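Q: This is the structure, below, for whatever I ask next.
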Amino acid sequence: MQIKSTKSLINIISLVSFVCGLTLWLAIFGPDFDTADYVFRPLAMLPLLATVINTGLIIFLYRRIQPSETGFWFLAFLGTTTFWSLAEFLQRSSGVLEVSIFWRSLAVYGWAIMPIAYLFFTLSYVDRQVLIRRLHLQIGLFLIVSSLIYAQFKTHLTVSSDYVLQSWGYDSPNGGYINIFTVWLLAVFLTGLALFIHEYKNAVSQQKRKQIRIFIISLLVPLVGGTSTDLVLPNLFDVNIIPMAAFLTAVEGMILSYGVYRHGLFSINPVSLSGEIMKTLPQPVIGTNEKFQIQFMNANATEMFKQHAPFVGKSIYSLVGAENFKIIKEELGKTAQDAVTNIPRIPLGLDGGVVIAQAQISSIGKGLGYIFAMSNITQQVLSMRIIEKEVRIRTQLYNQEKARLFSSVNGLRQGFLIADVNSKITLMNIKAQEMFPEVKISDVQSGNVVDNNAISILEKSLSNFGLREKLASVIRNNQYLEFEEVDMGQSILDIEILPISAPEGAIGAVVLLDDVTERTMIERSKDEFFSIASHELRTPLTAIRGNTSMMLSYYSEQLKDPELREMVDDVYSSSIRLIEIVNDFLDTSRLEQGRMVFEPKDISLSKAIKEVAKETNAVAKEKGNTIIIDGAIDGLPEVRADFNKLKQIMYNLVGNSLKFTDKGTVTIRTKIEESSVRVSISDTGKGISEDNIKLLFRKFQQAESNLLTRDATKGTGLGLYISKLIIENMKGTIGLESSKVGEGSTFFFTVPLAKPKSIDSLNNNV
Amino acid sequence: MTKILITEDDPLMSRMYQKIFTFEGYDVEMAGNGQECLDKARTNTPTLILLDVMMPVMNGLVTLEKLKADPVTKAIPVVMLTNLAGQQDAESALAKGAVKYIIKSEHDPKEVADMVKEILAGYTRDDIPSQA
């Protein structure tokens, strides 16, 4: 708001001054102006041309370059030249001597001030604008310019009697006074030349070099031409030639303008704009002299340090305090001349919440002073602290999680390894470390593998297994692999390799090594135990069974006493029941442990059915039952099964039916299905109650829930359970089809066809 | 008379089978182990040998191999008689030349005798003892 109103105030002042100034000029000079005083002289058109061109250049460049300091001085240079050439044009077009002298006296304002504008332009162009502000320079220049202006009134640019009407108009010969000006001009131009040459040598940018070349050429025009026409030729060689300094300076202006326009003077030289930039920076900026006395503060800096105001004459010391000041000086001492010193943390504790700041300090020129660019990093520091705390908590949680993982992993009885995506082993639990003691580990608890060769050691131990290959395959396919009973020296291992799956695929693998040496040994000895047990148990039972059966058949004479006979009979039946129980127990344990050997072959189902029917016929007759095979079974296709095991299932089902049926029938039916044959066995026995159906096919079911109500005469109750395990092993099914108390039950099983009916029906089934 | 050589180490078993085959009218010869079986098979030329599998000194399967390797004994039919329930044993025995594999606990002695009678019927019809 304030800036805006100042700007409009300046605009008003400018307009008023412009109007008033012009009015004053017209009021003072206007009445004296008489066109009759002027004549047309072709040679006088030369300075007019210079005026027109320079005015055009000012209009063209004004908006483009005026905001920068260099641009301002360049426009000032063009302005003074314009003024000078305009006055010269009027001087030379005057028909009356007095008028001519008047204009010539006025031109001095142009040419006396022009070198200063030019000097300042060159200085700011080479980034030495600070020097322009040197008071002694300005005093010196003022003295020269004022003396020149004063002198021309004293001499009337030499004296009116010396004026001669030349072909280009009235002119005075160059005398001592005007030569001083030429020397002044020469001195300034030569200084400019020196500055340009120096800058040219230091310039890095090719564009800037090109521009400086143009500037140097432009300088040579008035330097050589002007000196020749105004000084050397008339004075030393007595040649009567038109003085062309004004025109040639205007030509210089043209060439300079070309250089400025062509190569974008101010985009190459942003330093000229630094003052403006600094003001608008959101950062607080402080400029000091070499003694750290504050020379400049931008608005944000003033705001930041407002509690220390006023700032005039203060040192940066009073803003930042002794501690910080010491650090700043130390850091500046360490940094190279042109580098920027960074002080990441300056604790300030200022009002308005600026607790910690950061400072970047660069020195201006060679020991001229320093620029402090500050940033308030209080918020960042606070955020950082919060983040740090958060990170600390997260790290702690992570470590706890890791500790939990390690403990779990270390608690495993299996060896546990983690491999990365390149199959490099990165982690081993304690068990794995025991298995492979050669692998180097950071520490036992965390199990980090530090050995790059771990995989080779593992491969060597697991000879022939090809761990590396298998790991790679698991990671590549993102698929689990399992291997049983892999030999590793004296040990036997079960190995599982699991991919560590991430959305982008497997990022590694976990290897589980289960030492099954002992288990395998026990299993192997268990096998032997079962063989021996079955043998050892059966032998005495066989003796009981065999001998009682012989007593009953061959000694009936001696067993006339019915009670004695009954006792022998019971001994005989008990032995058979015991043998069945032993057989059931052995079958169950073999099936459950997967040690029963199955030899599936393409076999005749009808043969199996006929054999079972024949072999159970005697038992059926004992209770007045009949076994019926329903339908023609000779044409049945072959099935895929173990013949003896299939018969065992049928024995069981037919045997059960007979057990619960008196004076009835047991019917065996078959039905060919899509990929199997369904065999059902129906009886007309007592049937099974709803509650007991649930218990069928369970271990020790015998269709009674209570242990004490078991009917011990009906065997172990393992029959259906064993049948289910056997038929499932042969890819068949078994179940109860229907049962009704008092009417009978129908059980069924299915057994797969050796050759499924057709590929189509097989597919439908799949 | 048909001569049966029963090879059985367990006295309970050997007595039982000795009785039934005697009852059934066979001439019964006993051997307590494989070696004895081989010796008696060579010298006495039995019509049929009943051979237990699990025996000390020389087990039934080895004995069977030797019987089948000896030209003197190789023609004598051998019936394996055992209480080992493994199916593999049965198959390897049949592969080695046994004519039948009988699990003792599954059958009454009379049934075993009937099976032997059936087998012999196939071999030597003349030698079947008359039902006394």
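The values are calculated or read from the model by the stated rules, or taken from the named source; none is laboratory data. Since this is a predicted model, take the numbers as computed values, not measurements. Heads up, the Cβs are rebuilt from the backbone with ideal geometry, glycines too, and the neighbour counts pull from every protein chain shown.
Q: Assigned by TED's automatic domain parsing to the domain that holds A:HIS535, out of contact with any strand residue (DSSP E or B) (no Cβ under 7 Å at 6 or more places or on another chain) and of a type in the set (Gly, Ala, Ser): does that describe A:SER604? Don't jump to the end; show me each part of the working.
A: Numbers: assigned by TED's automatic domain parsing to the domain that holds A:HIS535: no; out of contact with any strand residue (DSSP E or B) (no Cβ under 7 Å at 6 or more places or on another chain): yes; of a type in the set (Gly, Ala, Ser): yes.
Here the answer is no, as A:SER604 does not meet what is asked.
Q: Give me the residue from segment A:643-671 that is over 13 Å from A:ILE681 (Cβ atoms) and surrounded by fewer than 17 Cβ atoms within 10 Å (Cβ to Cβ) and, out of that set, modelled with the lowest pLDDT.
A: Selected residue: A:ASN644.
Q: With A:ILE386, A:ILE430, A:ILE455, A:ILE393 as the choices, which residue is aliphatic (A, V, I, L, M), at pLDDT 80 or above and under 30 Å from A:PRO282 (Cα atoms)?
A: Every option except A:ILE386 fails the conditions.
Q: Turning to a different aspect of this structure: Restrict the check to segment A:521-530 and report whether at least one residue is at negative phi, assigned to a helix (DSSP H, G or I) and within 9 Å of chain B (Cβ to nearest Cβ). Lay out the reasoning, then the answer.
A: Going residue by residue through segment A:521-530, those that are at negative phi are A:521-530.
With assigned to a helix (DSSP H, G or I) added as a condition, the list becomes A:521-530.
Now restrict to residues that are within 9 Å of chain B (Cβ to nearest Cβ): A:530.
Yes, there is a match, as at least one residue in segment A:521-530 is at negative phi, assigned to a helix (DSSP H, G or I) and within 9 Å of chain B (Cβ to nearest Cβ).
Q: Residue check, A:THR539 against (1) closer than 19 Å to B:PRO109 by Cβ; (2) touching a residue at least 40 places away in the same chain (Cβ under 8 Å); (3) facing another protein chain (nearest Cβ under 10 Å), all met but one. Which one?
A: (2)
Q: Does at least one position in segment A:507-522 carry a residue that is surrounded by 14 or more Cβ atoms within 10 Å (Cβ to Cβ), without any contact (Cβ under 8 Å) to a residue 40 or more places away in the chain, within 56 Å of the chain's Cα centre (by Cα) and over 30 Å from B:THR82 (Cβ atoms)?
A: yes
Q: Scan segment A:667-692 for residues that are under 16 Å from A:SER723 (Cβ atoms) and free of Cβ contacts under 8 Å to residues at least 60 places away in the same chain and jot them down.
A: A:ILE668, A:ILE688, listed by residue number.
Q: Could you say whether any residue in segment A:193-213 is within 18 Å of A:ASN54 (Cβ to Cβ) and in a helix (DSSP H, G or I)?
A: There is no residue in segment A:193-213 that is within 18 Å of A:ASN54 (Cβ to Cβ) and in a helix (DSSP H, G or I).
Q: Something else: Take A:MET550 and tell me if it is among the aliphatic types (A, V, I, L, M), assigned by TED's automatic domain parsing to the domain that holds A:LEU586 and surrounded by fewer than 17 Cβ atoms within 10 Å (Cβ to Cβ).
A: no
Q: Shifting gears a bit: How many residues are of a type in the set (Phe, Trp, Tyr) and over 12 Å from A:LEU512 (Cβ atoms) when one looks only at segment A:388-432?
A: Number of matching residues: 2.
Q: Shifting gears a bit: Does A:ILE364 fit the bill of being touching a residue at least 24 places away in the same chain (Cβ under 8 Å) and at negative phi?
A: In short, yes.
Q: Do we find a residue being touching a strand residue (DSSP E or B) at 6+ places or on another chain (Cβ under 8 Å) and under 14 Å from B:VAL112 (Cβ atoms) anywhere in segment B:53-62?
A: No, segment B:53-62 contains no residue that is touching a strand residue (DSSP E or B) at 6+ places or on another chain (Cβ under 8 Å) and under 14 Å from B:VAL112 (Cβ atoms).
Conditions (1) crowded, with 18+ Cβ neighbours inside 10 Å; (2) within 11 Å of chain B (Cβ to nearest Cβ); (3) under 29 Å from B:MET54 (Cα atoms), marked per residue:
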{"site": "A:PHE585", "(1), (2), (3)": "no, no, yes"}
{"site": "A:GLY594", "(1), (2), (3)": "no, no, yes"}
{"site": "A:ASP602", "(1), (2), (3)": "no, no, no"}
{"site": "A:THR616", "(1), (2), (3)": "yes, no, no"}
{"site": "A:GLY635", "(1), (2), (3)": "no, no, no"}
{"site": "A:ALA641", "(1), (2), (3)": "yes, no, no"}
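Q: Still on this structure, I have one more. Does any residue of segment A:124-134 turn out to be modelled with pLDDT of 85 or more, over 22 Å from A:LEU43 (Cα atoms) and not in a helix (DSSP H, G or I)?
A: Checked segment A:124-134: at least one residue is modelled with pLDDT of 85 or more, over 22 Å from A:LEU43 (Cα atoms) and not in a helix (DSSP H, G or I).
Q: Okay, next question. Test A:GLY95 against the criterion of being over 25 Å from A:ASP162 (Cβ atoms) and of a type outside the set (Phe, Trp, Tyr), and give yes or no. I'd like the intermediate steps shown before the answer.
A: Details: over 25 Å from A:ASP162 (Cβ atoms): no; of a type outside the set (Phe, Trp, Tyr): yes.
Considered against the rule, which asks whether it is over 25 Å from A:ASP162 (Cβ atoms) and of a type outside the set (Phe, Trp, Tyr), A:GLY95 comes out as no.
Q: Hey, any hits in segment A:569-583 for a residue that's loosely packed, with under 13 Cβ neighbours inside 10 Å and at positive phi?
A: no
Q: Counting just the residues of segment A:226-243 that are touching a residue at least 24 places away in the same chain (Cβ under 8 Å), surrounded by fewer than 20 Cβ atoms within 10 Å (Cβ to Cβ) and not aliphatic (A, V, I, L, M), which one comes out nearest to A:THR81 (Cα to Cα)?
A: Here is the first cut: in segment A:226-243, the ones touching a residue at least 24 places away in the same chain (Cβ under 8 Å) are A:226-227, A:230-231, A:234-235, A:240, A:242-243.
From what's left, surrounded by fewer than 20 Cβ atoms within 10 Å (Cβ to Cβ): A:227, A:234-235, A:240, A:242.
Add one more test, that the residue is not aliphatic (A, V, I, L, M), and what stays is A:227, A:234-235, A:240.
Numbers: A:THR227: 16, A:PRO234: 23, A:ASN235: 24, A:ASN240: 24 Å.
Only one residue tops the list, namely A:THR227.
Q: Quick check on A:ASN376: is it at pLDDT 80 or above, crowded, with 19+ Cβ neighbours inside 10 Å and more than 16 Å from A:GLN283 (Cβ to Cβ)?
A: Values: at pLDDT 80 or above: yes; crowded, with 19+ Cβ neighbours inside 10 Å: yes; more than 16 Å from A:GLN283 (Cβ to Cβ): no.
So A:ASN376 does not fit the description; no.
Q: Here's something else I'd like to know. Please go through segment A:547-599 and give me each residue that is aliphatic (A, V, I, L, M) and touching a residue at least 40 places away in the same chain (Cβ under 8 Å), ordered by number.
A: A:ILE579, A:ILE581, A:VAL582, A:LEU586, A:LEU591, A:MET596
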